[in-house]
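Here the structure is laid out as structure tokens; the discussion comes afterwards.
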Amino acid sequence: MSLLSDLINLDLSGTTEKIIAEYIWIGGSGLDLRCKARTLPGPVTDPSELPKWNYDGSSTGQAPGQDSEVILYPQAIFKDPFRRGNHILVMCDAYSPAGEPIPTNKRHAAAKVFSHPDVVAEETWYGIEQEYTLLQKDINWPLGWPAGGYPGPQGPYYCSVGADKAFGRDVVEAHYKACLFAGINISGINGEVMPGQWEFQVGPSVGISAGDEIWVARYILERITEVAGVVLTFDPKPIKGDWNGAGAHTNYSTKSMREDGGYEIIKKAIEKLGKRHAEHISAYGEGNERRLTGKHETADINTFSWGVANRGASVRVGRDTEKEGKGYFEDRRPASNMDPYVVTSMIAETTILLKP
């Protein structure tokens, strides 16, 4: 096995100028990630320098067998933490041969929102708190839990240390450093309330880059769990009962909110969010009704609310923002399996483009 490991980690820089580009895209479920690699003649720094590519959409649930070709458009480049050197990860979105975005391509519509002059002028910042759960491979039961049984009640596990409380830290640490290497603006990690559950944060990221970074961070995490032999799930309520669900709390601000007097802008934006609560909930992730129950630090899915320092509200405003009269707010409704392109663009669209 040492020879296999040596070959996997082989440094090609002294042998060839060629690089490997791993093209990544979102599959037919809208949640699954797919990838394949190609050789390029030399280093690339801008997506516009990359060739388009195609794949068999009939094998990903994205095209019929008789017309199966789907085209990948490279959109964002990251350093490859697995191959290293000049090798790259390429986040793509998918189009028909005629150039139309396929239904699972949510990036295309998001890019339109983020290119709107009013949105560009507001310099939208996002900080996304991505929660996830690690499962034992063969039994699909949380890591660290006894097979078919349950650990002690929640309380000791949040931000914990110790072999009896923190399960999967090697995966979490590997992911943290791999994201930093890749150039993702990962800003932190922590153990979550339910044992076997963790969180990483990405941001502040501007506009469409927030979606690109979350998707590639998810891809890197999937690859690391693949190596570690554990299963990754973004299910918003992986275990029924008195256990916390998993969300993707989305922190948001605009230039106007960050300037003096911004608190009034924040309150107006939250009011707009309340008016479109049902539309947002419908786009905030599958199975979210199992998580947004009004318990376990959530608001009830059918009711919009906001408050200062209130983790039981739909939208939370921090004490510092209230005190300073400017800052950001946190939309606590998105599920862990949400599409960040959809959530980030929808928040921008509602708060900036929607007229009072």
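Output the residue which, of all residues in the range 13-32 that are among the hydrophobic types (A, V, I, L, M, F, W, C) and farther than 23 Å from Tyr132 by Cβ, is most open to solvent (accessible area, probe 1.4 Å).
The selected residue is Ile20.
Name, by its number, the condition in (1) closer than 24 Å to Ile8 by Cβ; (2) crowded, with 17+ Cβ neighbours inside 10 Å that does not hold for Lys36.
(2)
Quick one: how many residues across the range 111-136 are in contact with a Gly (Cβ under 7 Å, 6 or more places away or on another chain) and either more than 16 Å from Gly203 (Cβ to Cβ) or among the polar types (S, T, N, Q) (or both)?
Total satisfying the criteria: 3.
Could you list all residues from the range 65-101 that are surrounded by fewer than 18 Cβ atoms within 10 Å (Cβ to Cβ) and within 27 Å of Leu354 (Cβ to Cβ)?
Result: Glu100, Pro101.
Where in the range 44-124 are the strands (runs of 3 or more DSSP E), entirely inside, with at least 1 residues that are touching a helix residue (DSSP H, G or I) at 6+ places or on another chain (Cβ under 9 Å), in contact (Cβ under 8 Å) with a residue 24 or more places away in the chain and not assigned by the TED database to the domain that holds Val216?
Once the strands (runs of 3 or more DSSP E) in the range 44-124 are filtered for at least 1 residues that are touching a helix residue (DSSP H, G or I) at 6+ places or on another chain (Cβ under 9 Å), in contact (Cβ under 8 Å) with a residue 24 or more places away in the chain and not assigned by the TED database to the domain that holds Val216, what remains is 69-79, 88-95.
Within the range 286-317, how many residues turn out to be surrounded by 15 or more Cβ atoms within 10 Å (Cβ to Cβ), modelled with pLDDT under 95 and over 15 Å from Pro334 (Cα atoms)?
Adding up the residues that qualify gives 1.
This table checks each residue for (1) buried (at least 20 other Cβ atoms within 10 Å of the Cβ); (2) under 17 Å from the mean Cα position of the chain (by Cα); (3) within 18 Å of Asp235 (Cβ to Cβ).
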position	(1), (2), (3)
Ala111	no, yes, no
Lys137	no, no, yes
Trp145	no, no, yes
Pro153	no, no, no
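Quick one: would you say Lys272 is over 18 Å from Thr133 (Cα atoms) and in contact with a Leu (Cβ under 6 Å, 6 or more places away or on another chain)?
Yes; evaluated as a whole, the condition is true for this residue.
Going by the conditions given, is Ser115 of a type in the set (S, T, N, Q), over 29 Å from Ile189 (Cβ atoms) and open to solvent by less than 70 Å² (accessible area, probe 1.4 Å)?
Spelling it out, it is not the case that Ser115 is of a type in the set (S, T, N, Q), over 29 Å from Ile189 (Cβ atoms) and open to solvent by less than 70 Å² (accessible area, probe 1.4 Å).
Scan the range 329-341 and tell me whether some residue there is open to solvent by 30 Å² or more (accessible area, probe 1.4 Å) and within 28 Å of Ala109 (Cα to Cα).
Checking the range 329-341: not a single residue is open to solvent by 30 Å² or more (accessible area, probe 1.4 Å) and within 28 Å of Ala109 (Cα to Cα).
Name the pairs: first residue in the range 333-356 and in contact (Cβ under 8 Å) with a residue 12 or more places away in the chain and under 16 Å from Ser205 (Cα atoms), second residue acidic (Asp, Glu) and part of a strand (DSSP E or B), Cβ to Cβ under 9 Å, at least 6 apart or on different chains?
Tyr341/Asp93; Val343/Asp331; Ile347/Asp331
Within the range 210-251, track down each residue that is of a type in the set (Gly, Ala, Ser), surrounded by fewer than 18 Cβ atoms within 10 Å (Cβ to Cβ) and closer than 17 Å to Glu289 by Cβ.
Matches in the range 210-251: Gly241 only.
Is it the case that the range 2-12 has a residue that's in the same structural domain as Asp80 (by the TED database), crowded, with 16+ Cβ neighbours inside 10 Å and out of contact with any Cys (no Cβ under 6 Å at 6 or more places or on another chain)?
Looking through the range 2-12, none of the residues is in the same structural domain as Asp80 (by the TED database), crowded, with 16+ Cβ neighbours inside 10 Å and out of contact with any Cys (no Cβ under 6 Å at 6 or more places or on another chain).
Which condition number does His280 fail, the rest of (1) touching a residue at least 40 places away in the same chain (Cβ under 8 Å); (2) within 20 Å of Glu199 (Cα to Cα); (3) within 23 Å of the chain's Cα centre (by Cα) being met?
The failed condition is (2).
If you go through the range 323-332 one residue at a time, do you hit one that is charged (D, E, K, R), part of a loop (DSSP other than H, G, I, E, B) and in the same structural domain as Ala348 (by the TED database)?
Yes; the residues of the range 323-332 include at least one that is charged (D, E, K, R), part of a loop (DSSP other than H, G, I, E, B) and in the same structural domain as Ala348 (by the TED database).
The values are calculated or read from the model by the stated rules, or taken from the named source; none is laboratory data. A quick note: this is a predicted structure, and the numbers were derived from the prediction, not measured. Virtual Cβ from ideal backbone geometry, glycine too; neighbours counted across all protein chains shown. Just so you know, the surface numbers come from the protein's heavy atoms only, side chains and all, with ligands and any DNA or RNA stripped out. Shrake-Rupley method; radii C 1.70, N 1.55, O 1.52, S 1.80 Å.
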